[in-house]
């Protein structure tokens with residue numbers, strides 16, 4: 001729509017960008033943010049309705065024009081390679097490789113670059129997945145414990161990076177768990193649209209920094225309609241958030257008939273007080289909780 | 001690009017809309033004009049590069065959502081059915097029929113509704129056509145001549161509409177040419193992008209009301225680049241217009257690197273004085289010359 005782009009999300013971490021969904025115009029929305037398509041290394045698709053994937057051929061060509069040469073990993077429900085292959089009829093030549101990861105189980109986990117990507121099947125009228133993106137964080141290195149155990153200084157760094165080290169002179173082996181504390185809270189963002197409210201959504205959103213969730217309709221009495229089209233009302237999303245307790249809930253994927261999503265927020269805040277009606281171009285820097293950048 | 005849509009053109013005549021090309025976002029540009037996709041009955045494609053067709057699946061779905069049920073005629077170079085079939089993987093169900101007209105000759109003419117559509121092959125790096133849209137206009141009915149010939153009044157209207165009539169009482173046959181003057185000047189709009197300058201462009205643009213033509217580059221010294229990518233500079237388009245003498249020339253299809261197309265116009269106007277650097281959303285009402293609406 002004029003002044004309202006289709007729903008998608010971009011994560012940027014350690015120079016490796018990850019996009020979820022790419023409808024018509026997503027690449028323009030990205031340019032409006034001042035973001036290049038070149039560093040995108042991963043694109044995840046929730047499902048293959050046109051509003052979530054029709055912008056792919058144009059984006060692929062723009063990535064080519066931006067001289068991307070590193071491989072692009074595509075993740076999505078079964079049929080990914082067939083759907084992308086069909087769309088590439090208008091983007092046949094690209095200067096980078098496409099790698100396909102097709103989801104087939106109800107829950108799958110991938111580790112790519114800094115991201116742990118959890119894909120979980122939701123309930124739409126065609127196969128559809130939600131995504132939880134996590135940046136895990138190791139425990140703290142305990143230097144006092146390392147000294148106490150007499151671990152040679154030259155092993156400390158590698159132990160911090162998860163390697164087991166053996167001192168060839170003494171034959172003694174040191175494992176990371178000897179010196180590393182419990183894993184600390186990392187970062188988690190969940191993204192979920194085009195579904196009925198199912199418990200798995202709340203499960204993956206538990207304690208997330210940011211839960212991005214559809215708010216297709218704002219009126220409670222549109223629940224029947226939402227049920228018919230397999231979408232969620234803002235109330236339904238908010239109730240999932242109330243269970244999951246993310247630090248913040250952003251609504252997106254509004255019905256074209258919804259002119260002002262904010263008008264429903266008074267009622268929504270009673271269900272979940274940290275809900276916000278997101279708008280085009282919203283972004284948020286999220287750091288580890290003891291070093292928040294935002 | 002932000003604030004610059006891809007090139008396309010819509011003609012609207014007698015409730016039957018005709019679109020030429022449909023890149024990513026064309027349907028939004030259309031909405032910004034306040035135009036519905038529902039009355040579109042014909043879409044012509046110049047060629048199958050993504051910037052000219054990637055918006056099709058989304059547009060088809062929007063036409064379906066607008067409850068279009070009448071057939072949609074698609075016109076384009078060979079491969080049309082294959083390309084559209086591939087793109088429909090993300091728009092499989094539509095409440096209207098698609099009809100395909102694949103161009104195979106260098107010049108082809110179709111008559112659809114009020115339009116005479118001339119498609120002519122141009123010179124790009126894949127098969128590409130320009131289009132001339134004409135609304136022909138019959139000659140004037142000569143009532144004095146009809147009276148002189150004693151043609152019964154009841155035949156006049158049908159003779160004006162091109163039918164031959166026979167008076168069953170007298171056995172006399174009347175033909176339209178007895179009472180109709182020479183065809184009058186109708187309306188002609190030509191649209192041509194993604195090509196080197198070839199004579200056929202000027203031929204079809206002769207005496208057009210409006211010639212819409214690519215102005216990929218504005219600097220004369222980019223002609224070598226234009227030659228390499230099989231595009232045209234503004235100068236080359238203007239020289240074609242100088243031959244064809246359309247009433248007006250509009251440039252479009254600017255290179256993304258061109259920030260301000262107007263800056264080249266002083267020089268261009270020396271080649272063809274009725275040239276204009278068109279911008280997003282430009283439209284023009286064109287009537288028969290003795291009843292101009294604009």
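Please treat every number below as a calculation from the coordinates, not as lab data. Keep in mind that what you see is a predicted model, and the values were worked out from it rather than measured. For neighbour counting, all protein chains shown are included, and Cβ atoms are generated from backbone atoms with ideal geometry for every residue, glycine included.
Over the C-alpha atoms of segment B:139-182, the Rg to Rh ratio, Rh being the Kirkwood estimate, stands at 0.92. Take the Cα of residue B:3, step 7 Å toward its Cβ, do the same at residue B:147, and the gap between the two points is 6.3 nm. The calculated FRET efficiency for the pair residue A:94 and residue B:108, based on their C-beta separation and a Förster distance of 35 Å, comes to about 0.60. Of all DSSP bridge pairs formed entirely within chain A, close to 50 percent run antiparallel.
For segment A:150-253, just run the numbers: alpha carbon Rg, then divide by 2.2 N^0.38 Å, N being how many residues it has.
Details: Rg = 22.9 Å, N = 104, 2.2 N^0.38 = 12.8 Å.
Output field value: 1.78.
Between identical copies, the spacing of residue B:81 label points, each set 7 Å from Cα toward the C-beta atom, reads 2.8 nm from nearest to farthest. Convex hull volume of the C-alpha atoms in chain A, normalised per residue: 160 Å³.
Shielding by partners for B:28-35, please: the mean number of other protein chain Cβ atoms within 10 Å of each residue's Cβ. Don't skip to the end; give the middle numbers.
Values: counts 8, 1, 1, 3, 3, 1, 1, 0.
Mean partner shielding for this stretch: 2.
Considering only chain A, the C-beta nearest to the rotation axis that sends A to B is found at A:86, 2, the distance in whole Å.
Just to verify a number: FRET efficiency for residue B:154 and residue B:243, C-beta to C-beta distance, R0 = 45 Å, to 0.05? Display every interim value, and only then the final one.
Values: r = 48 Å, r/R0 = 1.08.
After rounding to 0.05, the efficiency reads 0.40.
Pairs of Cα atoms nearer than 8 Å and 6+ residues apart set the relative contact order; for segment B:32-174 it is 17 percent. Give the relative contact order (percent, whole number) for chain B; include only Cα pairs under 8 Å separated by 6+ residues. The value is 12 percent. Extension gain for residue A:184 to residue A:168 (0.36 nm times residue separation, less C-alpha to C-alpha distance): 2.6 nm.
Just to verify a number: FRET efficiency for residue A:140 and residue B:137, C-beta to C-beta distance, R0 = 60 Å, to 0.05? Mind dumping the intermediate values first?
On the way: r = 84 Å, r/R0 = 1.40.
Efficiency, rounded to the nearest 0.05: 0.10.
At 4 °C and 1.567 mPa s, grab the translational diffusion coefficient of segment B:205-294 from Stokes-Einstein with a Kirkwood Rh over Cα pairs, rounded to a whole number in µm² per second.
Numbers: Rh = 13.5 Å.
Here the translational diffusion coefficient equals 96 µm²/s.
Across segment A:211-287, the relative contact order, built from alpha-carbon pairs under 8 Å that are at least six residues apart, equals 34 percent. Once the convex hull of all Cα atoms in segment A:2-51 is built, its volume per residue stands at 74 Å³. Ascending distances from the residue A:99 label point to its copies in the other chains, with the point 7 Å along the Cα-to-beta-carbon line: 4.9 nm. Taking the Cα centre of each part, how many Å lie between segment A:31-76 and segment B:171-210? Between the Cα centres of segment A:31-76 and segment B:171-210 lies a distance of 45 Å. Each other copy holds its own label point for residue A:12; taking that point as 7 Å from Cα along Cα to Cβ, the gaps run 3.9 nm, nearest first. In chain B, the longest principal axis of the Cα atoms and the axis of helix B:56-65 are about 50 degrees apart.
Could you estimate the translational diffusion coefficient of segment A:108-163 from the Stokes-Einstein equation, with Rh from the Kirkwood formula over C-alpha pairs, at 20 °C and 1.002 mPa s, in whole µm²/s? Let's see the in-between values first.
Working: Rh = 14.5 Å.
In µm²/s, the coefficient is 148.
Each distinct pair of alpha carbons in segment B:118-205 adds a 1/r term; the inverse of their mean, the Kirkwood radius, is 16.0 Å. The Cα-based radius of gyration of the protein assembly as shown, divided by its Kirkwood radius, gives an Rg/Rh of 1.11.
Write down the percent of antiparallel bridges among all DSSP beta bridges whose residues are both part of the protein assembly as shown, to the nearest 5. Write down the numbers at each step before the final one.
Values: 53 of 103 bridges.
Roughly 50 percent of the beta bridges in the protein assembly as shown run antiparallel, per DSSP.
Here is the P(r) of segment B:23-161: all C-alpha pair distances, binned every 10 Å from 0, give 10, 32, 28, 12, 11, 6, 0 in whole percents. Subtracting the Cα-Cα distance of residue A:257 and residue A:36 from their residue separation scaled by 0.36 nm leaves 76.4 nm. With the cut-off at under 12 Å, measuring from each backbone N in segment B:89-124 to a point 7 Å along the Cα-to-Cβ line of residue A:82 picks out B:89-90.
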